Amino acid sequence: MTKYRKAAKKPTRRLFLTTAGQLAVGYSLIPLHGVAASAMPSRFTIGLSQYSLRALFKNGTLDPLDFPAFAVNTFGIETIDLSESQLPKDKLDDFTYLEMLRNRASNAGTNLYLLMAEVLDATETNRRESIEELLPSIKRTQALGCQFTRVFLKVPGEDPAAGTTLAVEALKPLADAAAKSKVTLVIEPGASPLSEKGAFLAEVAKRLDHPACRLMPDFGKLRNNVYEGTEAMLPWTATISCKMHNFDNAGNQPDFDYPRLIKMIAASEYRGVLAIEWEGERLTPIEGVKASQRLIENSLAELAS
């Protein structure tokens, strides 16, 4: 993920609001075909990942403190996550800043539900240090009032049985620490070949069987078969990252069959957030998020029809 860099000249709040309004108008060329309230399954909430707007944080157009209000005013989305890579590095352990961000979210009427942290290395020689590096992320999650801390899981080798044992041993103390802080770890695919497979992560969650450790499917990071991988993870899933890369002329995602994925999710017992994570480059961040939002809404609408 792109690291946050402070702009050479920090824009004023007035400049931010003016620019944000212009961007919102300029990129609303295609109207949103929102799902009617009666057609939107009450068990699902569309969320927005801060990472989707990384270019705006990088160039200084958008201040992280203004992200909650921006999400509501631009997209009508009230459930948002935060990423450590998109927050000012020198503010990550500034609890006055984190409290300010939490208050901004509350004032905007948004729900901060997740903080994206980095990698837990399950390698025996690196495990202890890796756990120590992630413990502050749990404290930040708690300070922000978020429910979940997202982590990647790095597992050495290609043997699923050995890898599962290493993963469980590494996750147990971190999950215990999360439980004490009333936070839940969610594991997103990635960081190593084994942990890019949904069936492997499902086996880890099953073996660990810890109330403070769940899974987070990310369609863009599951290897081999995204549908089989997602289905395997669903029984242990706490939240879902709806990765988007590009769109065809019909507004569909060429990489994944979204109606199929949404139908699969709806057939499971999962209830919770479907978080937009725009990672493409051909559209601007705002265009990309709005196109992603339309696709998810239309896929949900197909459930009702």
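The values are calculated or read from the model by the stated rules, or taken from the named source; none is laboratory data. If you're wondering where the values come from, they're calculated on a predicted model, not measured in any experiment. No Cβ is skipped: glycine too gets one built from the backbone with ideal geometry, and neighbour counts run over all protein chains shown. SASA here: full protein model, heavy atoms, side chains in, ligands and nucleic acids out. Shrake-Rupley method; radii C 1.70, N 1.55, O 1.52, S 1.80 Å.
Against the empirical 2.2 N^0.38 Å scaling, what ratio does the C-alpha Rg of segment 213-291 come to?
1.09
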| In Å², nearest 10: area of SER42 left accessible to a 1.4 Å probe | 110
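Whenever you get a sec, compute what percent of the accessible area on segment 121-273 sits on carbon and sulfur atoms (1.4 Å probe). Before the final figure, lay out each step's value.
Values: 3140 of 6680 Å².
So the carbon and sulfur contribution to the accessible surface is 47 percent.
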| said: Apply the Karplus curve 6.51 cos²θ - 1.76 cosθ + 1.60, θ = phi - 60°, to the phi angles in segment 62-73 and return the couplings in whole Hz, x for Gly and Pro. | reply: 10, 8, x, 5, 8, 4, x, 5, 4, 4, 6, 6
| request: Using a 1.4 angstrom probe on the protein heavy atoms only, line up TRP236, TRP278 by accessible area, largest first. | output: TRP236, TRP278
| remark: For HIS210 the rounded accessible area (nearest 10 Å², probe 1.4 Å, non-protein molecules ignored) is 20
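Over segment 58-168, what is the relative contact order in percent, taking alpha-carbon pairs closer than 8 angstrom and at least six residues apart? Please report the intermediate quantities before stating the final value.
Numbers: 145 pairs, mean separation 28.7, N = 111.
Across segment 58-168, relative contact order equals 26 percent.
Let me check I've understood the local charge: for LEU92, count other residues with C-beta under 11 angstrom from its C-beta, Lys and Arg +1, Asp and Glu -1. What total comes out? Mind dumping the intermediate values first?
On the way: positive: LYS89, LYS91, LYS139, ARG140; negative: GLU84, ASP90, ASP93, ASP94.
So the environment of LEU92 carries a net charge of 0.
Just the number please: accessible area per residue for segment 95-250, 1.4 Å probe, all protein chains included, in Å².
Working: 6630 Å² over 156 residues.
With all protein chains present, segment 95-250 gives 43 Å² per residue.
Rounded to the nearest percent, how much of the accessible area of segment 39-89 (1.4 Å probe, protein heavy atoms only) is carbon and sulfur? It would help to have the intermediate numbers written out before the result.
Details: 670 of 1440 Å².
C and S atoms contribute 46 percent here.
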| remark: Residue-ordered couplings for segment 203-213, obtained by feeding phi - 60° into the Karplus form 6.51 cos²θ - 1.76 cosθ + 1.60 and rounding to whole Hz (Gly and Pro as x), are 5, 4, 4, 5, 5, 5, 6, 10, x, 9, 9
| query | What is the set of long-range amide H partners of ASN111 at a cut-off below 5 Å, with H atoms built 1.01 Å from backbone N? | reply | THR79, ILE80
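Within segment 99-203, report the GluC sites (Glu not before Pro) that DSSP leaves as loop and that have at most 14 other Cβ atoms within 10 Å. Don't skip to the answer; put the middle values down first.
Details: sites: GLU99, GLU118, GLU124, GLU129, GLU132, GLU133, GLU158, GLU169, GLU196, GLU203; in loops: GLU124, GLU158.
The qualifying sites are GLU124, GLU158.
To the nearest 500 deg cm²/dmol, what mean residue ellipticity at 222 nm is calculated for the chain from DSSP H runs of n ≥ 4 alone, each contributing -39,500 (n - 2.57), summed and divided by the residues? Spell out each step's value before the answer.
Details: 10 runs with 130 residues, N = 305.
My calculation for the chain gives -13500 deg cm²/dmol from helical runs alone.
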| Tell me, what is the 1.4 Å probe accessible area of GLU231, in Å² to the nearest 10? | 110
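Using a Förster distance of 30 Å, how high is the FRET efficiency between LYS139 and LYS58, based on the Cβ-Cβ distance and rounded to 0.05? Display every interim value, and only then the final one.
Numbers: r = 26 Å, r/R0 = 0.87.
Computed FRET efficiency for LYS139 and LYS58 comes out at 0.70.
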| said: From the protein chains alone at 1.4 Å, what is the descending order of accessible area for GLU228, GLU279, largest first? | reply: GLU228, GLU279
| remark: Among (i) 33, 25, 21; (ii) 29, 21, 20; (iii) 30, 25, 17, the entry matching semi-axes √(5λ) of the Cα gyration tensor in Å as calculated here is (iii)
| task | Give, in whole angstrom and from largest to smallest, the semi-axes √(5λ) of the equivalent ellipsoid of segment 75-171, with λ running over the eigenvalues of the Cα gyration tensor. | result | 31, 15, 9
| request: Using the structure shown, select from LYS91/LYS180; LYS263/LYS290; LYS154/LYS182; LYS89/LYS154; LYS180/LYS206; LYS180/LYS221 the pairs with a Cα to Cα distance greater than 28 angstrom. | output: LYS180/LYS221
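Probe radius 1.4 Å, ligands and nucleic acids left out: which of THR141, THR45 has the largest accessible area, and how do the rest follow?
Working: THR141 0, THR45 60 Å².
So the residues, ranked largest to smallest area, are THR45, THR141.
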